[in-house]
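The values are calculated or read from the model by the stated rules, or taken from the named source; none is laboratory data. Since the structure is predicted, the reported quantities are computational estimates derived from the model, not experimental observations. Quick reminder, even Gly has a Cβ in these numbers, built from the backbone with ideal geometry, and neighbours come from all protein chains shown. Ligands, DNA and RNA are excluded from the accessible area calculation, which covers all protein heavy atoms including side chains. Shrake-Rupley method; radii C 1.70, N 1.55, O 1.52, S 1.80 Å.
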Amino acid sequence: MVRKIGILTSGGDAPGMNAAIRAVTRTALRNGIEVIGVHDGYRGLLEGTFEKLERGSVSNILDRGGTVLGSARLPEFKEDEIQNACVRNMSREGIDALVVVGGDGSYRGALALTKKGINCIGLPGTIDNDIPGTDFTIGFETALNTCVECVDKLRDTSSSHQRCAIVEVMGNHCGDLALYTAISCGAEMVISPETGYDELEVLERLRYLSEAVHKRHALVIISEKITDVSALAKKVSLNTSFSGRATVLGHIQRGGSPVPRDRMLASRMGEKAVDLLMEGIGGHCVGIIDNKITSMPIEEALERPRSSRKRLYRLFDRLV
Ligand code: F6P
């Protein structure tokens with residue numbers, strides 16, 4: 001029987017993490033289970049920075065971005081001795097199960113702790129939408145909203161000046177933020193890890209749009225870590241009739257009040273995590289698949305191929 005559940009947020013923060021903390025805390029308390037908030041991700045487990053959470057501790061956080069527990073990346077958590085120290089700290093505190101909100105690295109940590117006797121459940125929390133075992137991650141929808149709002153504004157000023165806006169969005173090797181933004185904003189081009197990148201092709205297309213089609217503006221949405229967008233903007237100015245301007249949206253995409261869809265997702269997933277722990281299940285991750293809240297073993301999720309985005313890329317191509 002589970003008596004005390006710990007909860008931590010790990011990796012890059014994401015809007016909606018607070019809603020997950022609230023849902024886990026309140027569902028657990030309703031079932032007579034104590035809740036301990038762990039500060040700053042796995043580092044808090046190692047350093048023993050624990051805080052007892054009551055019902056009121058999670059009041060007024062549902063609409064707040066970031067994570068009230070703090071987050072951190074702790075690469076050393078892979079080490080066996082560090083994991084053992086964390087297990088010792090949890091046992092000392094009486095924590096017999098843990099909910100981890102984070103990315104796939106955080107899932108691996110959750111799996112390792114489960115194998116050491118502490119049942120853990122992973123919830124997918126990241127703006128990147130790059131976690132296997134779920135169609136959507138907590139935070140993606142809000143980040144997408146931010147991207148769309150910014151790109152809509154860039155369109156206004158770009159068409160006033162016959163400019164090409166090259167907009168770099170986050171995603172960490174996953175093109176979803178770029179793809180969904182591009183479709184939602186009617187961009188002229190999307191460049192992502194899935195599309196590949198050919199600079200000459202990009203310049204050729206922009207030359208065509210500016211010189212043959214006489215477009216007043218062009219929006220190019222590009223995933224981070226693909227190319228230097230400032231250098232690309234200069235080449236656009238030199239090689240096409242557009243003047244190029246680069247915008248890196250950066251960490252602004254990680255902040256802000258979560259949109260209702262993220263609040264709902266986090267609330268549903270948080271509830272599910274506690275239900276699983278009460279059933280004695282550990283080493284699972286929660287997801288949403290075809291709009292149903294699901295769970296599966298973390299090992300299975302990590303081995304699953306990502307569902308194909310081909311249809312969405314085809315949609316983009318058809319609408320451009
Ligand atoms: O995983 C979320 C994310 O925002 C990625 O999109 C990005 O590549 C990375 O984190 C940035 O990390 P940091 O906040 O450590 O600079």
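The residue that is nearest to the ligand (Cβ to nearest atom), counting only those in the range 170-202 that are part of a loop (DSSP other than H, G, I, E, B) and hydroxyl-bearing (S, T, Y), is S192. Among residues of the range 160-185 that are among the aromatic types (F, W, Y), those with a beta-carbon under 7 Å from a residue that is within 14 Å of the ligand (Cβ to nearest atom) and at pLDDT 95 or above at least six positions away or on a different chain give the pairs Y180/L144.
In the set I21, I36, I7, I61, which member is touching a Phe, Trp or Tyr at 6+ places or on another chain (Cβ under 8 Å) and modelled with pLDDT of 95 or more?
Values: I21 fails: touching a Phe, Trp or Tyr at 6+ places or on another chain (Cβ under 8 Å); I7 fails: touching a Phe, Trp or Tyr at 6+ places or on another chain (Cβ under 8 Å); I61 fails: touching a Phe, Trp or Tyr at 6+ places or on another chain (Cβ under 8 Å).
After ruling out the rest, the residue left standing is I36.
If the requirement is being more than 15 Å from the ligand (Cβ to nearest atom), part of a loop (DSSP other than H, G, I, E, B), touching a residue at least 24 places away in the same chain (Cβ under 8 Å) and more than 23 Å from N172 (Cα to Cα), which of these qualifies: G117, G133?
G117
Residues in the range 68-86: is at least one polar (S, T, N, Q) and touching a Phe, Trp or Tyr at 6+ places or on another chain (Cβ under 9 Å)? Scanning the range 68-86, I find at least one residue that is polar (S, T, N, Q) and touching a Phe, Trp or Tyr at 6+ places or on another chain (Cβ under 9 Å), so the answer is yes. Residue pairs whose Cβ atoms lie under 9 Å apart, sitting 6 or more positions apart in sequence or on different chains, and linking a residue in the range 211-228 that is touching a residue at least 40 places away in the same chain (Cβ under 8 Å) to a partner that is in a strand (DSSP E or B) and of a type in the set (K, R), are R216/R163; H217/R163; A218/R163.
When you look at M189, is it surrounded by fewer than 24 Cβ atoms within 10 Å (Cβ to Cβ), of a type in the set (A, V, I, L, M), over 30 Å from A212 (Cβ atoms) and not assigned by TED's automatic domain parsing to the domain that holds P297, yes or no?
no
Candidates E141, E149: the one that is modelled with pLDDT of 95 or more, closer than 15 Å to T181 by Cα, open to solvent by 30 Å² or more (accessible area, probe 1.4 Å) and within 15 Å of the ligand (Cβ to nearest atom) is E141. Of all residues in the range 255-279, those being open to solvent by 50 Å² or more (accessible area, probe 1.4 Å) and more than 16 Å from T134 (Cβ to Cβ) number 6. Filtering the range 105-157 to residues that are assigned by TED's automatic domain parsing to the domain that holds E168, touching a helix residue (DSSP H, G or I) at 6+ places or on another chain (Cβ under 9 Å) and of a type in the set (K, R) leaves only R155. Got at least one residue in the range 31-51 being under 17 Å from D262 (Cα atoms) and open to solvent by 30 Å² or more (accessible area, probe 1.4 Å)? Among the residues of the range 31-51, not one is under 17 Å from D262 (Cα atoms) and open to solvent by 30 Å² or more (accessible area, probe 1.4 Å), which makes the answer no.
Within the range 78-124, being surrounded by 24 or more Cβ atoms within 10 Å (Cβ to Cβ) and under 11 Å from C285 (Cα atoms) holds for V99, V100, V101, G102, S106, Y107, A110, C120, I121, G122, L123, P124. What about R73, is it open to solvent by 60 Å² or more (accessible area, probe 1.4 Å), farther than 24 Å from E279 by Cα, away from the ligand (no atom under 16 Å from the Cβ) and assigned by TED's automatic domain parsing to the domain that holds G133? No, not satisfied. Taking the criterion of being open to solvent by 60 Å² or more (accessible area, probe 1.4 Å) and more than 14 Å from the ligand (Cβ to nearest atom), the only residue of the range 219-229 that qualifies is D228. State yes or no: is L249 surrounded by 14 or more Cβ atoms within 10 Å (Cβ to Cβ), under 16 Å from the mean Cα position of the chain (by Cα) and within 18 Å of L177 (Cα to Cα)? Yes.
Taking each residue of the range 26-38 that is within 15 Å of S59 (Cβ to Cβ) and β-branched (V, I, T) and looking for partners that are open to solvent by less than 70 Å² (accessible area, probe 1.4 Å) and in a strand (DSSP E or B) with beta-carbon atoms closer than 8 Å, six or more apart or interchain, yields V35/K4; V35/I5; V35/G6; V35/I7; V35/L53.
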